[in-house]
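Note sheet for the following structure.
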Amino acid sequence: FDGLLGFSQGAALAAMVCALRARGDPRFPVAFAVLVAGFASRAPAHGHFYREPIALPTLHVVGDTDAVIAAALSRELAQCFVEPVILTHPGGHFIPAAAAQKKAYVEFLERFCSGQGQ
């Protein structure tokens, strides 16, 4: 796998995997993550994942009207990363696929292509 895509609870888990990868854990050789409607786990046992900035490229997709995972929680997770890219959309708890979002996804993912036409 080159990267991770996580949505909602999957994004919370993917963020923890990113933290492990950033610490050099060889089980997770991913180069980036796209975290949609993510949030930081509130479980006390998971606190160590967020103590240090997570140095792995990430795109955080935040729905301004998300009633399941509030936008503030997704932005809070983004701040746990070094230089996060944040993409907001006016919708709720879903993966947006309008032209503007598709363009942002492609621009983010192109950073990790090793050659042209990939």
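Structure data summary
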read-out	value
Any hit, the range 8-25, residues being open to solvent by 20 Å² or more (accessible area, probe 1.4 Å), over 12 Å from the mean Cα position of the chain (by Cα) and in contact (Cβ under 8 Å) with a residue 60 or more places away in the chain	no
All positions within the range 94-112 that are within 20 Å of Q9 (Cβ to Cβ) and open to solvent by 70 Å² or more (accessible area, probe 1.4 Å)	F94, I95
The lone exception for R42 - which of (1) in contact (Cβ under 8 Å) with a residue 12 or more places away in the chain; (2) in a loop (DSSP other than H, G, I, E, B); (3) of a type outside the set (F, W, Y) it fails	(1)
Qualifying residue in the range 73-94 (condition: among the hydrophobic types (A, V, I, L, M, F, W, C), over 15 Å from the mean Cα position of the chain (by Cα) and at pLDDT 95 or above)	no
Selection from the range 95-108 of residues that are within 15 Å of the chain's Cα centre (by Cα) and more than 22 Å from C18 (Cα to Cα)	P96, Q101
Verdict on V61 being in contact (Cβ under 8 Å) with a residue 40 or more places away in the chain and over 15 Å from the mean Cα position of the chain (by Cα)	no
Number of the condition not met by G115 [criteria: (1) at pLDDT 95 or above; (2) open to solvent by less than 70 Å² (accessible area, probe 1.4 Å)]	(1)
Of residues in the range 45-64 being assigned to a loop (DSSP other than H, G, I, E, B) and over 20 Å from K102 (Cβ atoms), the one least open to solvent (accessible area, probe 1.4 Å)	L56
The listed residue being hydrophobic (A, V, I, L, M, F, W, C) and either under 19 Å from F112 (Cβ atoms) or in contact with a Cys (Cβ under 8 Å, 6 or more places away or on another chain) (or both), out of V68, V36, V62	V36
Any hit, the range 72-93, residues being open to solvent by less than 30 Å² (accessible area, probe 1.4 Å), outside any strand (DSSP E or B) and over 18 Å from A12 (Cα atoms)	yes
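The values are calculated or read from the model by the stated rules, or taken from the named source; none is laboratory data. Given the structure is predicted, the values throughout are model-derived calculations rather than measurements. Backbone-built Cβ (ideal geometry, glycine too); neighbour counts: all protein chains shown. Surface areas here come from the heavy atoms of the whole protein model, side chains and all, with no ligands, DNA or RNA. Shrake-Rupley method; radii C 1.70, N 1.55, O 1.52, S 1.80 Å.
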